[in-house]
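Notes follow once the structure below has been shown.
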Amino acid sequence: MRNRNIFHIDANSAYLSWEATWRLQHGESLDLRDVPSVVGGDPKSRHGIILAKSIPAKKYGIKTGETLYSARQKCPDLLIVPPNYELYMKCSNGMFDLLKEYSHLVQRYSVDECFLDYTESEKLFGSPLKTAYKIKNRIQEELGFTVNIGISHNKLLSKMASELEKPNKVHTLFSDEIASKMWTLPVDDLFMVGNKTLPKLKRIGISTIGDLAKANLSHMKSYLKSHGVLIWNYANGIDESPVREEDMVQKGVGNSTTIAFDVTNQREAHLILLSLTETVSMRLRKKKSLARVVSVSIKDKDFAYYSHQCALCAPTDSTNVLFKYVKKLFNEAWKGEPIRHLGVRLTELCSREFYQISIFDEKSLDKYRRIDETVDCLRRQYGKKSVIRGSFLHSGLKPIAGGVGEEEYKMMSSHL
DNA sequence: TCTGGGGTCCTAGGACCC
DNA sequence: TCTGGGGTCCTAGGACCC
C-alpha cells in the first residue's frame with residue numbers, strides 16, 4: 001500500500017468543553033474546564049453516570065462511565081452539569097465542516113472524532129504537520145474548543161497518536177516512532193484491548209503494547225482467535241482500513257432506555273416498548289429502509305442482560321407490524337423479574353425501493369404505511385410529541401423514548 | 001441517589017439440507 | 001440396522017468502541 005497521510009482529530013473532553021464554550025459565550029464567567037466538573041445524567045431517573053470530565057476532575061481519579069455517587073466521594077465539590085445533546089451535535093457539525101475544507105475524505109467516527117485522509121491534500125495545503133497545527137488553531141479560534149490531532153500513515157496509528165498527550169496537541173506516530181512512543185504504553189491503552197482482554201494478556205506476561213507486538217502471532221491466534229490477530233497487528237502498527245466516506249451503510253437501528261423505576265407488569269413494559277418502537281421505526285423510515293430482524297433486550301434490576309430476536313417473513317418499516325413482533329418477543333423472553341432497562345433493535349436492513357411491491361400487496365399494510373407517513377410528517381413539523389398514542393395519557397410514561405438529538409449522527413463502533 | 005445509550009463484529013451451537 | 005460431513009442460516013451472548 002502506498003504511503004498515506006491520515007489525521008485523527010479528537011475534541012478534548014468533548015461534551016465538557018462544548019458545554020464550557022457555550023456557557024462562556026452566554027455570559028458565564030466560570031470556565032468549566034478550569035475546575036473539577038463533569039457532564040452527567042440524573043441519578044433520580046437512574047441515569048447517574050459521568051459522560052465527560054474536566055482535566056481537574058480527572059486529577060481526582062474520576063473516570064468516564066463511573067457513577068456520580070462514586071465521583072462525589074472522590075471530590076465533594078464536583079460541579080455537575082446535565083447533557084445537552086443538541087448542542088453537542090452542532091459543535092460536532094462545526095468541526096466536521098471545518099475539516100471538510102482540507103480533504104474530501106473525512107470520516108466522522110463519532111460525535112467528537114474524525115479521520116481525515118490528507119494524502120491528496122498535501123499538494124494543495126503543504127506539509128501535514130503544518131496543516132495539522134493550522135486546523136487545531138482554527139478550531140480553537142473559530143469554534144472555541146481544543147482538539148488533539150494525531151498524524152500517521154494509517155488510521156490506527158493516527159488514533160493512537162492523538163491519544164498521547166492532551167490537551168491541545170499535535171502528535172505524529174510514524175513507523176520509526178512506534179517503539180519509543182507506543183510500545184512503552186500499558187497494553188490496555190491499545191485500541192481494542194478492553195476490560196476482558198487485559199487480564200488474559202496479563203496472564204501470559206503481556207503488560208505493555210511492546211510485549212504484545214513481540215509476542216508470537218500464532219500463539220496469540222490460538223489463545224484469542226481472530227481478536228488476537230487483530231490486536232497483534234495493531235500493536236505492530238499494522239492497519240490498512242480506508243478512511244470511509246459518509247455514505248457507509250448502517251447495519252441496524254436501535255433504541256433503548258433505562259426506566260426511572262423497575263417495571264413489574266406486562267402492561268407497562270408494553271407501553272415502554274411501544275414508545276421505543278415508535279422512535280426506532282421513525283428513524284428506520286427516515287433512512288428509507290426496511291428491517292427484516294427485530295430484537296428485544298431486557299436488563300433486570302440486577303443488571304442481568306438478555307435478548308430475544310426473530311426474523312420477519314417480509315421486511316417492514318411499519319410501526320404497527322414491528323410492535324406486534326416486539327410484544328411477542330418480549331412475552332416469550334421475559335422471566336417475570338423486575339425490569340430496569342428495555343431495548344428494541346432492528347437489523348438486516350434493506351432499501352425500501354426493493355420491496356415496494358410486496359408491501360403494497362396487503363391492504364392493511366398500505367393503510368398502516370399511510371398512517372406512519374402522516375404521523376412522521378406531523379412530528380417533523382410540530383415536534384416529536386405533537387402526536388402521541390392515547391395509551392400514554394395518564395400512564396406517567398414518556399410516549400417517545402430513546403434517541404439523542406433531533407438529527408441522526410454517527411456513533412460508530414469498535415472497528416476502524 | 002449506584003451503575004447510559006448508540007453502535008459493530010465475532011463465536012458457538014443447533015437446525016436443516018444435500 | 002447403522003451411520004458422514006460440509007455448508008448455510010438462525011439465534012444468543014459476549015467483546016469492544018465512543
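Looking only at residues in the stretch A:167-200 that are basic (K, R) and away from DNA strand C (no atom under 13 Å from the Cβ), which one is surrounded by the fewest Cβ atoms within 10 Å (Cβ to Cβ)?
Filtering first and then ranking leaves A:K169.
When you go through (1) closer than 24 Å to A:S391 by Cβ; (2) surrounded by 15 or more Cβ atoms within 10 Å (Cβ to Cβ) one by one for A:N331, which number turns out not to apply?
Every listed condition holds for A:N331 apart from (2).
How many of the residues making up the stretch A:40-64 are more than 20 Å from A:A260 (Cβ to Cβ) and within 11 Å of DNA strand B (Cβ to nearest atom)?
Count: 3.
Has the stretch A:111-122 got any residue that is farther than 19 Å from A:T172 by Cα, small (G, A, S) and buried (at least 19 other Cβ atoms within 10 Å of the Cβ)?
Checked the stretch A:111-122: no residue is farther than 19 Å from A:T172 by Cα, small (G, A, S) and buried (at least 19 other Cβ atoms within 10 Å of the Cβ).
Checking the structure you have, find out if any residue of the stretch A:326-349 is more than 12 Å from DNA strand B (Cβ to nearest atom), at pLDDT below 95 and more than 16 Å from A:S256 (Cβ to Cβ).
Within the stretch A:326-349 (the criterion being more than 12 Å from DNA strand B (Cβ to nearest atom), at pLDDT below 95 and more than 16 Å from A:S256 (Cβ to Cβ)), the answer is no, since none of the residues qualifies.
Name the pairs: first residue in the stretch A:293-321 and outside the structural domain of A:T264 (by TED's automatic domain parsing) and over 10 Å from A:L346 (Cα atoms), second residue among the basic types (K, R) and assigned to a helix (DSSP H, G or I), Cβ to Cβ under 6 Å, at least 6 apart or on different chains?
Matching pairs, first to second residue: none at all.
Mind checking which residues of the stretch A:277-288 are within 11 Å of DNA strand B (Cβ to nearest atom) and within 15 Å of A:T347 (Cβ to Cβ)?
Correct list: A:V280, A:R283, A:L284, A:K287.
Looking only at the stretch A:69-96, count how many residues are in a helix (DSSP H, G or I), within 21 Å of A:K44 (Cβ to Cβ) and of a type in the set (S, T, N, Q).
Selection size over the stretch A:69-96: 2.
Give the stretch A:32-68 a look and list any residue that's within 16 Å of DNA strand C (Cβ to nearest atom), surrounded by fewer than 17 Cβ atoms within 10 Å (Cβ to Cβ) and either among the aliphatic types (A, V, I, L, M) or part of a strand (DSSP E or B) (or both), or say none.
A:T67
Mind checking whether some residue in the stretch A:278-285 is in contact (Cβ under 8 Å) with a residue 12 or more places away in the chain, in the same structural domain as A:T316 (by TED's automatic domain parsing) and more than 28 Å from A:D372 (Cβ to Cβ)?
Looking through the stretch A:278-285, none of the residues is in contact (Cβ under 8 Å) with a residue 12 or more places away in the chain, in the same structural domain as A:T316 (by TED's automatic domain parsing) and more than 28 Å from A:D372 (Cβ to Cβ).
Is there any pair with a first residue in the stretch A:212-233 that is touching a residue at least 24 places away in the same chain (Cβ under 8 Å) and a second that is part of a helix (DSSP H, G or I) and away from DNA strand B (no atom under 14 Å from the Cβ) whose Cβ atoms are under 6 Å apart and which are 6 or more apart or on different chains, and what are they?
Listed by first residue and then by second, the contacts come to A:L212/A:V187; A:L212/A:A235; A:A213/A:A235.
The values are calculated or read from the model by the stated rules, or taken from the named source; none is laboratory data. Because the structure is a prediction, the values reported are computed rather than measured. Every residue, glycine among them, receives a Cβ derived from its backbone with ideal geometry; neighbour counts consider all protein chains shown.
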